[in-house]
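The values are calculated or read from the model by the stated rules, or taken from the named source; none is laboratory data. Computed from a predicted structure; not experimentally measured. Counting neighbours? That spans all protein chains shown, and the Cβs are built from the backbone with ideal geometry, glycine included. Each accessible area value is taken on the protein alone, full model and side chains, heavy atoms only, with ligands, DNA and RNA left out. Shrake-Rupley method; radii C 1.70, N 1.55, O 1.52, S 1.80 Å.
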Amino acid sequence: MKKIEAFIFDLDGVLTDTAEYHYQAWKRLADEEGLPFNRRDNEKLRGVSRRASLELILKDRPVSEEKIREMMERKNGYYRSHLEWMDEKDLLPGAVDILEKLKSKGCRLALASASKNAPTVVKRLKIGSYFEVIADGNSVEKTKPAPDLFLFVSEKLNLLPEKCIVVEDAEAGIAAAKAAGMATIGIGPPERVGEADHIYPGVWAIKLEEVL
Ligand code: BG6
Ligand code: MG
């Protein structure tokens, strides 16, 4: 029987609610550009890279590469202004608890986020020391739903993918983990993470006896 040796956590929307900050930043940009965008559209952007997110917002509008870059930078500026105020109180309920529990059980821990801002967020939340490996939006070229980020992590851990379980709040993240051959825990509603092996409303609700 497969034995899980490592937990790979997504960051945004799993350990902290930066998903809301990403939404607010995209919404501000979309409003400035007169582009329709609402919370429902935003659900599709979870876990998706900055460029792919913008492409989803733009749909098939023709936009120059220069303008795309300018809009990505503008959105990132809005997003980063939210991070300035961030600290440990922005950890979601149960985040530290699950990391501590897993450590005490001898599980190995890693973080795999599609965000290029992940190192800043990890620092602000003061959770860096929990993880053996931290992979972010700079670690691989093809981000979620491609399996590359999770495979990068399992290689760094020197573990087979089947020994890893991924904790994700995004449809794209669950797809990426499955494509990597890893078990999955979905955080959020079944409409979003219904493809996961286990589904919980938040990390606080994860029952380790069900997943290990
Ligand atoms: C993911 C978020 O973690 O990172 C996405 O869920 C975001 O919403 C992506 O677009 C890229 O983030 P960043 O910080 O590199 O723009
Ligand atoms: Mg996420």
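Structural remarks
- Residues within the range 1-26 that are part of a loop (DSSP other than H, G, I, E, B) and open to solvent by 20 Å² or more (accessible area, probe 1.4 Å), tallied: 6
- For the range 94-139, residues that are assigned to a loop (DSSP other than H, G, I, E, B), open to solvent by 30 Å² or more (accessible area, probe 1.4 Å) and more than 16 Å from ligand 2 (Cβ to nearest atom) total 5.
- Restricting attention to the range 145-197, the residues that are of a type in the set (S, T, N, Q) and either touching a strand residue (DSSP E or B) at 6+ places or on another chain (Cβ under 6 Å) or under 17 Å from ALA114 (Cα atoms) (or both) add up to 2.
- Selected residue (criterion: most open to solvent (accessible area, probe 1.4 Å)) from residues of the range 192-211 that are hydrophobic (A, V, I, L, M, F, W, C) and not in a helix (DSSP H, G or I): ILE199
- Taken over the range 68-93, the criterion of being within 14 Å of ligand 1 (Cβ to nearest atom), open to solvent by 30 Å² or more (accessible area, probe 1.4 Å) and not in a helix (DSSP H, G or I) is satisfied by LEU92 alone.
- Exactly one residue out of LEU208, LEU212, LEU157 is under 16 Å from LEU109 (Cα atoms) and touching an Asp or Glu at 6+ places or on another chain (Cβ under 7 Å), and it is LEU157.
- Test: residue in the range 55-67 that is open to solvent by 70 Å² or more (accessible area, probe 1.4 Å), within 15 Å of ligand 1 (Cβ to nearest atom) and out of contact with any Gly (no Cβ under 9 Å at 6 or more places or on another chain): yes
- If you filter the range 5-35 down to residues that are in contact with a strand residue (DSSP E or B) (Cβ under 8 Å, 6 or more places away or on another chain) and among the hydrophobic types (A, V, I, L, M, F, W, C), you find that the one that is farthest from ligand 1 (Cβ to nearest atom) is ALA6.
- Any hit, the range 38-47, residues being within 11 Å of ligand 1 (Cβ to nearest atom), more than 18 Å from ASN117 (Cα to Cα), open to solvent by 60 Å² or more (accessible area, probe 1.4 Å) and not in a loop (DSSP other than H, G, I, E, B): yes
- Applying a threshold of 8 Å to beta carbon distances and a minimum spacing of six or more residues, or different chains, the list of pairs starting in the range 159-176 at a residue that is under 14 Å from LEU45 (Cβ atoms) and ending at one that is within 9 Å of ligand 2 (Cβ to nearest atom) and open to solvent by 30 Å² or more (accessible area, probe 1.4 Å) reads ASP169/ARG46; ALA170/ARG46; GLU171/ARG46; ALA172/ARG46; GLY173/ARG46.
- Residue within the range 11-24 that is within 16 Å of ligand 2 (Cβ to nearest atom), at pLDDT 95 or above, within 28 Å of LEU157 (Cα to Cα) and of a type in the set (Phe, Trp, Tyr) present: no
- Residue in the range 140-164 that is surrounded by the fewest Cβ atoms within 10 Å (Cβ to Cβ), counting only those that are among the aliphatic types (A, V, I, L, M) and in a helix (DSSP H, G or I): LEU157
- Selection status of ALA175, assigned to a strand (DSSP E or B) and either within 16 Å of ligand 2 (Cβ to nearest atom) or surrounded by fewer than 21 Cβ atoms within 10 Å (Cβ to Cβ) (or both): no
- Meets criteria (within 16 Å of ligand 2 (Cβ to nearest atom), modelled with pLDDT of 95 or more and assigned to a helix (DSSP H, G or I)) for LEU29: no
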